[in-house]
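Reviewing the structure listed below.
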Amino acid sequence: MSESGRHMSEIGLDGVTDRLKNSLTCVEDGNGVEINKPDFRELDLGSPVSPLRNRPRGFTATTTTTTTTTTTTSSSSNSSGSGSVSGRNGSHLGPKKSESSHSGELSGSVESSPKARGFKPGHARSYSSGGITVNSPPLNVLPTGNICPSGKILKTGMASKSSKTDVLGSGTGYYGHGSIMRGGAGVKSGGGAVGGADAGATQTANLRGVMAGDTMKRGMLNTDPEELKRLGNENYRKGYFVEALNLYDKAIAISRGNAAYHCNRAAALIGLKRLPEAVRECEEAIRLDPSYVRAHHRLGSLLLSFGQVEKARSHICFQGHQPDQAELQKLQAVEKYFGKFTDARRVGDWTSMLREVNAAIASGADASPQLFACRAEAHLKLHQVEDAELSLSITRKHEPSAGSPESKIFGMLSEAYVFFVQAQIDLAMGRFESAISAVERAGHIDPRNIEVSVFLNNTRSVGRARTRGNDLFKSERYTEACAAYGEGLRRDSSNSVLYCNRAACWYKLGQWEKAVDDCNQALTFQPHYTKALLRKAASNTKLERWAEAVRDYEVLRKALPYDTEVAESLFHAQVALKRLRGEDIHNMKFGGEVELVSGLEQFQAAISSPCASVVHFKAASNLQCKQISPFLDTLTTKYPSINFLKVDVEESPAIANAENVRIVPTFKIYKKGSRVKEMISPSQEVLESSVRHYSI
């Protein structure tokens, strides 16, 4: 499984023994429901067992590490009371008229720079509030959440490309001129605790609360929208995005027609990772002032992150104004990769498609549900179903309204494409009804798309073939059921559930070679398909292919370590294999109670068993031995393939001396007569962990 698949969360296997009892000749109806459950006592050497659901693999959610620094208060005395922060060294890209009309917009902070305030670079400042003194970092370090000019943010070392994750809208980029750092820690922290001390962090949090609360109190009592905007900018520069947003909201409520207020609100929303809302605010600012350059650039950067390259270009390269070079380079890179993965999909080169899609995401289109759907489709075509599901799950964290409803990918409306890929994954996993529902939604969104229409008809046909096969199987008409499942496979040749269901028919018909072949096909498309592996192991047992059966059951033991029936099937296959090879099997046994050993020869014979042997050296008078003995009895049930023994050192001193036992309780684990582990007075958790390790 690839690295991305390892970040998925584990789902427990509940009731595995009950399902295990009936797997061999049951088929799935696509919803986890088993049909036709006969008795399996017909098996000679242990029964494979129920069609367990395919065991999903888990995933971690990847977190983005953010760097927190102390925020610095910056004066607004140079802003002529407007609350504005000027752009690059005080210059703007727009014409003079636009500059004056939007003097309060958020952009790169010059006022707080060391040169502007007369401070020396590298020197720290301090200030106090409420008896608390907070030291700021050196002034050549940007405060968390500050507004940075385009292209300069990465020079500070506060954000790194390596912190980019697959979570939509996260990463280390920025959105247009004056945009805040994505992934910054400004929302969480203020200054002070640079050294990481708990006390400093608490003081910083308290100070932030005092400062933010004071600003909000002043804002709530104010009815001047320009003053509210200035207070909002002050909070924004400190990374207090929620407070800034509330102040901008109040300014907009008083003066709805001011484009700068909406553009500033968009910046606060970006800081809060509410990107779709930020898009709408930028659009509103442009509606109010079509020549508002900064709003165009900010909107273009947001649209690029959503993969809307054509619309992004019209705003980043706003007519008559110089585009930001960093954003322009990102746009050109994403456009290049779009063309490459589109060509790769057209010819069915799924490996190249996956590579180019990943490159487009890494280049800046990291909030695009369509690109994550593209990645999911490529994984699916490469038979990496778990990775496909993981990639598609990322799209669900994103609002569909963020993208343009008219945008297309591969000639299909973008929103329809996400459902189209979902339907493909559902069909591959045997979720037939869900697949039909998803592709019908895609067809409703884009009714004229031929690819969607063809897939809808095909999915319905596969679903009907599965239903007909299940009905015939329940009627014990196994040959006809095979034909029905085969009809479905002609339309969907990679459907692992249909292969596994047909294998059940072959098994019932005594055609175990064909059952093994179909199980191998199912495992090709779903390598961790437990049910297919169970049926394959049972068929190999019927064919007396003991080496193959042992390998199958050993894999199942790792997947289902507590399942006694799998353990028993493995044991019987091991016995048969040893008998076939002419090896001694008279000492092999399966499960049972803890056996008391009193003689040295008996002890040596017992630990020579091919199975692992756990020996409890105890004394009847020892309290710890009495306490752990009942737990050992439970382990015999959970791990029946282990040989459990006990030796009373007071009654059998010869064994204790031979094994150099001086302290009780002592546990030793042997394999084929050799000691592999020793534990003195272990906890129950340590003891079971060791037993589990040597049981598989």
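Being crowded, with 18+ Cβ neighbours inside 10 Å and over 21 Å from the mean Cα position of the chain (by Cα), is that true of even one residue in the range 365-372? Spell out the reasoning first.
Filtering the range 365-372 for residues crowded, with 18+ Cβ neighbours inside 10 Å gives 365-372.
If we keep only those that are over 21 Å from the mean Cα position of the chain (by Cα) too, we end up with none.
No, there is no match, as no residue in the range 365-372 is crowded, with 18+ Cβ neighbours inside 10 Å and over 21 Å from the mean Cα position of the chain (by Cα).
List every residue pair whose Cβ atoms lie under 7 Å apart, where the two residues are 6 or more positions apart in sequence or sit on different chains, the first residue falls within the range 466-478 and is in contact (Cβ under 8 Å) with a residue 12 or more places away in the chain and at negative phi, and the second residue, located anywhere, is surrounded by fewer than 21 Cβ atoms within 10 Å (Cβ to Cβ) and of a type in the set (A, V, I, L, M).
If the second residue must be surrounded by fewer than 21 Cβ atoms within 10 Å (Cβ to Cβ) and of a type in the set (A, V, I, L, M), the pairs left are Asn470/Ile35; Phe473/Ile35; Lys474/Ile35; Tyr478/Leu509.
Mind listing whichever residues of the range 649-665 are touching a helix residue (DSSP H, G or I) at 6+ places or on another chain (Cβ under 9 Å) and closer than 15 Å to Lys618 by Cβ? If you could, list the steps in order and put the result at the bottom.
To start, the set of residues in the range 649-665 that are touching a helix residue (DSSP H, G or I) at 6+ places or on another chain (Cβ under 9 Å) comprises 649-650, 652, 654-655, 658-659, 661-662, 664-665.
Correct list: Val649, Glu650, Ser652, Ile655, Glu659, Val661, Arg662, Val664, Pro665.
Of all residues in the range 473-507, which are over 36 Å from the mean Cα position of the chain (by Cα) and more than 15 Å from Lys536 (Cβ to Cβ)?
Looking only at the range 473-507, we keep the residues that are over 36 Å from the mean Cα position of the chain (by Cα), and these are 473-484, 505-507.
Listed by number, the residues that qualify are Phe473, Lys474, Ser475, Glu476, Arg477, Tyr478, Thr479, Glu480, Ala481, Cys482, Ala483, Ala484.
Does Val309 meet the test of being in contact (Cβ under 8 Å) with a residue 40 or more places away in the chain, hydrophobic (A, V, I, L, M, F, W, C), assigned by TED's automatic domain parsing to the domain that holds Asn258 and crowded, with 16+ Cβ neighbours inside 10 Å?
no
Of all residues being touching a residue at least 24 places away in the same chain (Cβ under 8 Å) and not small (Gly, Ala, Ser) in the range 677-696, which is farthest from Lys646 (Cα to Cα)? Just the residue, please.
The extreme case among them is Ile696.
What helices (runs of 4 or more DSSP H) lie completely within the range 315-425 and have 2 or more residues being touching a residue at least 60 places away in the same chain (Cβ under 8 Å) and of a type in the set (Val, Ile, Thr)?
385-395
Of all residues in the range 537-556, which are within 19 Å of Cys611 (Cβ to Cβ), of a type in the set (D, E, K, R) and surrounded by fewer than 18 Cβ atoms within 10 Å (Cβ to Cβ)?
Arg551, Glu554
Is it the case that Val497 is within 27 Å of Arg346 (Cα to Cα), crowded, with 24+ Cβ neighbours inside 10 Å and of a type in the set (A, V, I, L, M, F, W, C)?
On the way: within 27 Å of Arg346 (Cα to Cα): no; crowded, with 24+ Cβ neighbours inside 10 Å: yes; of a type in the set (A, V, I, L, M, F, W, C): yes.
For Val497, the condition - within 27 Å of Arg346 (Cα to Cα), crowded, with 24+ Cβ neighbours inside 10 Å and of a type in the set (A, V, I, L, M, F, W, C) - is not met.
Select the helices (runs of 4 or more DSSP H) contained entirely in the range 493-595, then report the ones holding at least 1 residues which are out of contact with any Phe, Trp or Tyr (no Cβ under 6 Å at 6 or more places or on another chain), of a type in the set (Lys, Arg) and modelled with pLDDT of 95 or more.
Once the helices (runs of 4 or more DSSP H) in the range 493-595 are filtered for at least 1 residues that are out of contact with any Phe, Trp or Tyr (no Cβ under 6 Å at 6 or more places or on another chain), of a type in the set (Lys, Arg) and modelled with pLDDT of 95 or more, what remains is 530-542.
With surrounded by fewer than 18 Cβ atoms within 10 Å (Cβ to Cβ) and assigned to a helix (DSSP H, G or I) as the only criterion, which of Ala605, Ala656 stands out?
Answer to the selection: Ala605.
Take Leu635 and decide whether it is surrounded by 16 or more Cβ atoms within 10 Å (Cβ to Cβ), outside any strand (DSSP E or B) and assigned by TED's automatic domain parsing to the domain that holds Glu688.
Working: surrounded by 16 or more Cβ atoms within 10 Å (Cβ to Cβ): yes; outside any strand (DSSP E or B): yes; assigned by TED's automatic domain parsing to the domain that holds Glu688: yes.
Spelling it out, Leu635 is indeed surrounded by 16 or more Cβ atoms within 10 Å (Cβ to Cβ), outside any strand (DSSP E or B) and assigned by TED's automatic domain parsing to the domain that holds Glu688.
Examine the range 175-196 for a residue that is in a helix (DSSP H, G or I), over 16 Å from Ala285 (Cβ atoms) and at pLDDT below 95, and state whether such a residue exists. Break it down stepwise before answering.
Filtering the range 175-196 down to residues in a helix (DSSP H, G or I) leaves none.
No, the range 175-196 contains no residue that is in a helix (DSSP H, G or I), over 16 Å from Ala285 (Cβ atoms) and at pLDDT below 95.
The values are calculated or read from the model by the stated rules, or taken from the named source; none is laboratory data. Everything numeric here is computed off the predicted structure, so don't read it as measured data. Cβ coordinates were reconstructed from backbone atoms using ideal geometry, including for glycine residues, and neighbour counts include every protein chain displayed.
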